[in-house]
Structures are given as C-alpha cells and as structure tokens.
Amino acid sequence: MKITYLGTAAAEGFPAVFCNCEYCNRARELGGKNIRTRSQAIINDDRLIDLPADTYNHFLLNGILGDRIKYLFITHSHSDHFYPLELGMRQGAFAHQMQAPVLNVYCGQGAYDKLCAEFKESKGIEITLLKAYKEIVLNGYEIIPLPARHFNGDNALFFIIKGDKTILYAHDTGFFYDEVFDYVEKEHLYFDLISLDCTNIDLSISDEGGHMGLENIARLTQKLTGISAIDDKTVRYINHFSHNANPIHHLLEKRVESMNLNVAYNGLQIDL
Ligand SMILES: [Zn+2]
Ligand SMILES: [Zn+2]
Ligand SMILES: [Zn+2]
C-alpha cells in the first residue's frame, strides 16, 4: 500500500494566504518542505482523501490524473477539506473520455448534505453517506470511518484503511473518544502507519479542542501502544500544521526526533 501526502497544512495554508507573521515569512524564504497546502492525501493512485481548493494544484504537482480517480473519501465539510464546486469540472464540456466515468464519493452527514444539494442528480457522481464503524469494502480494501472529535453537528470522521497493510489517517480530531479506543481494541486492529493531527505542535490545546498538539499525541500513542494497536515497527507521522505553531520543517523534525515521530510534507510518498 502506498500513501502520498498532497497537502499538509491547516486551513490557512503555510505560509498562510493572507499572513505576514514571522513564521510565514520564514517559510516563504526557505521554500521547499516549508510550503504546505491544504489537507489531502491519496492511497495508491485512485483513493483520494479530501477535496480542498488546492486539489487541482496537487494533481499538477504530483502527476495525478484526475480522470482515473474512482473513490473520494471526505473527512468533513470544513473548507480546507471540502471544496465541492470542483466536482462540477467533471461534467459536460469540462471533462471528456474519463477513464473512471463514475466518481464514488463517501462522506459524513455535513459534507453529504452539501454535496447532495449540488450533485444529487448528477451523472458520474455517486454519493454515499458514511456511518461511523460501518466499513466500506472496495476491491480488496476496507475503509472504516471513525468519529472525529472535531465539529459538532457535522459528523466529522477519520479513517482506517485496511489492505495488505493498515493505515490510521486521523486529522481534524481532538484526542480520540473512549469508544474509538474500545473499538480498536475489540477488533484487534494493528496499524502499520499512523498519521495524526498535530495542528498545534507545542501550543497547548485541550483534548476536546478539535485538534491536537504534541502533548496530546504523546498520550494518544501511549494509549494505542497499551492496546497493542501500534508498536516499535509502526511508522508514525504528524500532519496538518497551523502557522501559529511555527511548522518550519527542519525545526519540527528536530523537535520530534526523540518522540519517534516523523513530519509529513507536501509530496511525501510512503510505500508500506
Ligand atoms: Zn483541517
Ligand atoms: Zn502566519
Ligand atoms: Zn476541520
């Protein structure tokens, strides 16, 4: 299984769109891994996670052919993960001879309601409402949605992707609900790779705050270790960084070295 990180910033991007703070200016000077767009990833070459407004640019930069994408999983309806109007470019005179003429979109209630308002009658877009813990099986892969502690009323989700390996992709969530740990333990799940929300890095945030920082992550990974969901072999990444927390790549790498964490960046590809 292969995961490619396409966008690795929080909602405002890094450097942030309209910001003139010292961290953003430093990122502009340094460039490279310090340029982070809005959150998106792709599993293998046809399972896309989230649809920010940066999607088109991500496709261009990573050589992704949009017409081949068959599946789109949306975590929640915040604009940095969900720009549904882009799907209009699959229609009519805007897209011809697509290799995957139907895009199957899977999402929680908030994104589902917005998508249905625009695209319910559209040919070529199949929309499925996800329920937490109700897995979706797609030719050899299982995607298990879990409830995110993020945005009340939206039914925000994060995902376990199970194939030949198992990935936990958990962004835009605070510290996991107890029921999530119970589920992982009951199902004897083991993760080869975990990708965790680290929006706040060293800025403090409560477990209910909708995102996490390193302090929350330290406790989270301890808890996952305690239920044998991860071990020394599990590859661990942090992702979805806010400019307020100074996510300059080389500084952050150094900061988390002793925590056995790796720092995601735009374009990073991991073959498991
Ligand atoms: Zn976000
Ligand atoms: Zn800034
Ligand atoms: Zn969000």
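Tabulated data for the structure shown
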read-out	value
nm² value of the averaged projected area, convex hull over the Cα atoms of segment 126-272	9.5 nm²
Most mobile of Y106, Y83, Y56 in a GNM of the chain (Cα contacts under 10 Å)	Y56
Relative compactness, segment 1-146, computed as alpha-carbon Rg over 2.2 N^0.38 Å	1.10
Whole-number D in µm²/s for the chain (Stokes-Einstein; Kirkwood sum over Cα pairs; 10 °C, 1.306 mPa s)	85 µm²/s
The chain: calculated mean residue ellipticity at 222 nm from DSSP helix runs of at least 4, using -39500 (n - 2.57)	-6000 deg cm²/dmol
Candidates L261, L65, L103, ranked by Gaussian network fluctuation over the chain, Cα under 10 Å, top entry	L65
Cα-based Rg and Dmax for segment 110-197, where Dmax is the largest Cα-Cα distance (Å)	14.2, 41
Partners for K233 among lysines (Cα-Cα distance below 30 Å; same-chain residues under 8 apart left out)	K2, K33, K134, K162, K165, K186, K223, K254
Rg and Dmax of segment 1-64, Cα atoms only, in Å	12.6, 39
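Read-outs: derived from the displayed coordinates by stated rules, not from any lab. These figures come from a predicted structure and were not determined experimentally.
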